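Engineer: Can you keep this structure in mind? I'll have questions shortly.
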Amino acid sequence: MSAVAAVYRVECRKLIAQNRVRTVLAVLVAAPWIFIVLLLHQDRLPLETLYGRYLTTTGYATSLVTLVFATQWVFPLIASLISGDIFSSEETQGTLKTILTRSVGRDSVFWGKLGAAFSFTVLAVAVLAVSSLLAGLVSVGGQPVTTVGATLVPGDHAVGMVAVSWVIVVLPVLGFAAMAVAVSIVTRSSVLGVIIPVVIGLVMQMYTFLNAWDTVRHLLLNTPMSAWRGVLDRPAYLDPLQHGVLVSLGYIVVATALGFVVFRRRNVTAG
Amino acid sequence: MAHRLCWRAAVPAALALGMVTAVSGCTPDVTRERVQDDVSTTFVHSYKTSQKMQDRPVEAPKLSSTVCHNELNKVADAGPGSWSCEIKYTAPDGEHHDDEFVVLVDSLACYQAFNGAKRDKEILDTTTHRKVPDPAVGFDGCFNVYDGRTNTAK
């Protein structure tokens, strides 16, 4: 266990030292502020977006609209940028051999790296959540929120609702992170590790635009990422969340198992 | 040997998954029943929210009927896209209304509804003393697609 923790600590230090990761976090901090400032300087509201009509009514809508956009396009990108080369970069730089001949075992390296990738993915989601919430509260204020069931929720209760919404998306985002890690291991390519999960995310998103089989859509990661909408409805319903947890865990387990098996069998001396 | 066992397990599993997908895929998530139910309920809540924001006595309008149709998929009358909903109701002051709402339903079972004629109407929120879009003429809604209601009859 201490070996996993040691790898985890080292990997976290490596991740935070990367310019790419720092840039992603900086963009996530700045983007909601830019969004709400620009929006407050225009006449029309994005009425065709969920919660868009409330952007000037309550600050909490900034965070919820940011969440709607992020579930569509941003989260797969974040997960890929952070997790997509955590293994393949070692292959590219030829450092995997040196890591695996140290005192930690191959399993510890895998779980330590996976833990670091997941932790930074969650950190990125948390940064966007806090930044968008602060941007809304500072720019617009903490007025009551009108839910999708058209009931008013007082500002002090709305904080919890918004926080729960962001927590709900973490599991499906980790599904994309697990995919990125698996692709990074299987392909040994940082480029593919970043691009392939993003492309998969885009394909999933495009499928949701089609009027195609709904059952297939329920098995994609976009659906669990939108499960928070039911939790915020009044009366709330939890079926999409329960279903989404199973789907997300399915992606995480399958992708992690694939990455683990391939990493265990990898002949590092040949590379 | 292990590979053969894997294939023997994987092929039936894939076939079963495919059959489940094919069979259950026939029932759409966005049905007329779900849209009508949710739009009418959310409209009543929105109307009351609008009154509350204007510091008026909160009374629900009396709904006479809500009839929704999919404008893009008129044959199946189901699925995401643009829907039109006609809501007939009597306001608390006794005035009868027959309002047409455009309802944009996404595939994840949420929608934005607009009263076509009064889309940009604003009200004065007496709490914040700011003009805000009137919830009674435009509102967002979501409905549960796992509620077991699979009736697609028109």
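The values are calculated or read from the model by the stated rules, or taken from the named source; none is laboratory data. Not measured: the values here are computed from a predicted model. For neighbour counting, all protein chains shown are included, and Cβ atoms are generated from backbone atoms with ideal geometry for every residue, glycine included. Note: accessible area is taken over every heavy atom of the protein model, side chains too, but ligands, DNA and RNA are not part of it. Shrake-Rupley method; radii C 1.70, N 1.55, O 1.52, S 1.80 Å.
Engineer: Out of all the residues in the stretch A:142-171, which are within 14 Å of chain B (Cβ to nearest Cβ), surrounded by fewer than 18 Cβ atoms within 10 Å (Cβ to Cβ) and without any contact (Cβ under 8 Å) to a residue 40 or more places away in the chain?
Structural biologist: A:154 - this is the single residue of the stretch A:142-171 that is within 14 Å of chain B (Cβ to nearest Cβ), surrounded by fewer than 18 Cβ atoms within 10 Å (Cβ to Cβ) and without any contact (Cβ under 8 Å) to a residue 40 or more places away in the chain.
Engineer: Can residue B:67 be described as in contact (Cβ under 8 Å) with a residue 60 or more places away in the chain and closer than 24 Å to residue B:29 by Cβ?
Structural biologist: Details: in contact (Cβ under 8 Å) with a residue 60 or more places away in the chain: no; closer than 24 Å to residue B:29 by Cβ: yes.
Criteria not met by residue B:67.
Engineer: Something else now. Please count how many residues of the stretch A:229-245 are within 12 Å of chain B (Cβ to nearest Cβ) and part of a helix (DSSP H, G or I). Step through it out loud before you land on a result.
Structural biologist: Applying the first criterion (within 12 Å of chain B (Cβ to nearest Cβ)) to the stretch A:229-245 yields A:229-244.
Right, trim to part of a helix (DSSP H, G or I) and you get A:229-232, A:239-244.
Summing the residues that are within 12 Å of chain B (Cβ to nearest Cβ) and part of a helix (DSSP H, G or I) in the stretch A:229-245 gives 10.
Engineer: Another one. Condition first: farther than 23 Å from residue A:97 by Cβ and in contact with a helix residue (DSSP H, G or I) (Cβ under 8 Å, 6 or more places away or on another chain). Now tell me which residues in the stretch A:255-268 satisfy that.
Structural biologist: The answer is A:255, A:256.
Engineer: Let me ask something additional. With closer than 26 Å to residue A:147 by Cβ and among the β-branched types (Val, Ile, Thr) as the only criterion, which of A:4, A:27, A:37, A:21 stands out?
Structural biologist: Details: A:4 fails: closer than 26 Å to residue A:147 by Cβ; A:27 fails: closer than 26 Å to residue A:147 by Cβ; A:21 fails: closer than 26 Å to residue A:147 by Cβ.
A:37 is the lone residue from the list that is closer than 26 Å to residue A:147 by Cβ and among the β-branched types (Val, Ile, Thr).
Engineer: Given the criteria assigned to a helix (DSSP H, G or I) and in contact (Cβ under 8 Å) with a residue 12 or more places away in the chain, does residue A:262 qualify? Can you show your working first?
Structural biologist: Values: assigned to a helix (DSSP H, G or I): yes; in contact (Cβ under 8 Å) with a residue 12 or more places away in the chain: yes.
Yes, satisfied.
Engineer: Now, a different point. In the stretch B:91-101, is there at least one residue being within 11 Å of chain A (Cβ to nearest Cβ) and closer than 20 Å to residue B:38 by Cβ? Spell out how you get there, then give the answer.
Structural biologist: Initial filter on the stretch B:91-101 (within 11 Å of chain A (Cβ to nearest Cβ)): none.
Looking for residues that are within 11 Å of chain A (Cβ to nearest Cβ) and closer than 20 Å to residue B:38 by Cβ, one finds none in the stretch B:91-101, hence no.
Engineer: Within the group A:139, A:88, which residue is among the hydroxyl-bearing types (Ser, Thr, Tyr) and surrounded by fewer than 23 Cβ atoms within 10 Å (Cβ to Cβ)? Let's see the steps before the verdict.
Structural biologist: Working: A:88 fails: surrounded by fewer than 23 Cβ atoms within 10 Å (Cβ to Cβ).
Answer to the selection: A:139.
Engineer: Same structure, new question: Does the stretch A:49-63 include one or more residues that are away from every other protein chain (no Cβ under 14 Å) and open to solvent by 40 Å² or more (accessible area, probe 1.4 Å)? Step through it out loud before you land on a result.
Structural biologist: So in the stretch A:49-63, the residues away from every other protein chain (no Cβ under 14 Å) come out as A:62-63.
So of that shortlist, the ones also open to solvent by 40 Å² or more (accessible area, probe 1.4 Å) come out as none.
Looking through the stretch A:49-63, none of the residues is away from every other protein chain (no Cβ under 14 Å) and open to solvent by 40 Å² or more (accessible area, probe 1.4 Å).
Engineer: Do any helices (runs of 4 or more DSSP H) lying entirely in the stretch A:28-110 carry at least 2 residues that are of a type in the set (A, V, I, L, M, F, W, C), and which ones are they?
Structural biologist: Values: elements: A:60-69, A:75-83, A:88-93, A:96-100.
Passing ranges, in order: A:60-69, A:75-83, A:96-100.
Engineer: Test residue A:227 against the stated conditions and say whether it is at pLDDT below 90 and among the small types (Gly, Ala, Ser). So that I can check it myself, show each step before the final result.
Structural biologist: Details: at pLDDT below 90: no; among the small types (Gly, Ala, Ser): yes.
Criteria not met by residue A:227.
Engineer: Identify the residue in the stretch A:190-216 that is surrounded by fewer than 14 Cβ atoms within 10 Å (Cβ to Cβ) and of a type outside the set (Val, Ile, Thr) and, among all such residues, is farthest from the other protein chains (Cβ to nearest Cβ).
Structural biologist: A:206
Engineer: I've got another one for you. Please give the number of the condition residue A:32 fails out of (1) out of contact with any strand residue (DSSP E or B) (no Cβ under 8 Å at 6 or more places or on another chain); (2) modelled with pLDDT under 95; (3) open to solvent by less than 40 Å² (accessible area, probe 1.4 Å); (4) not β-branched (Val, Ile, Thr).
Structural biologist: (2)
Engineer: Spot the failing condition for residue B:114; the list is (1) more than 10 Å from chain A (Cβ to nearest Cβ); (2) under 17 Å from residue B:36 (Cβ atoms); (3) more than 11 Å from the chain's Cα centre (by Cα), and only one is missed.
Structural biologist: All conditions pass for residue B:114, except number (1).
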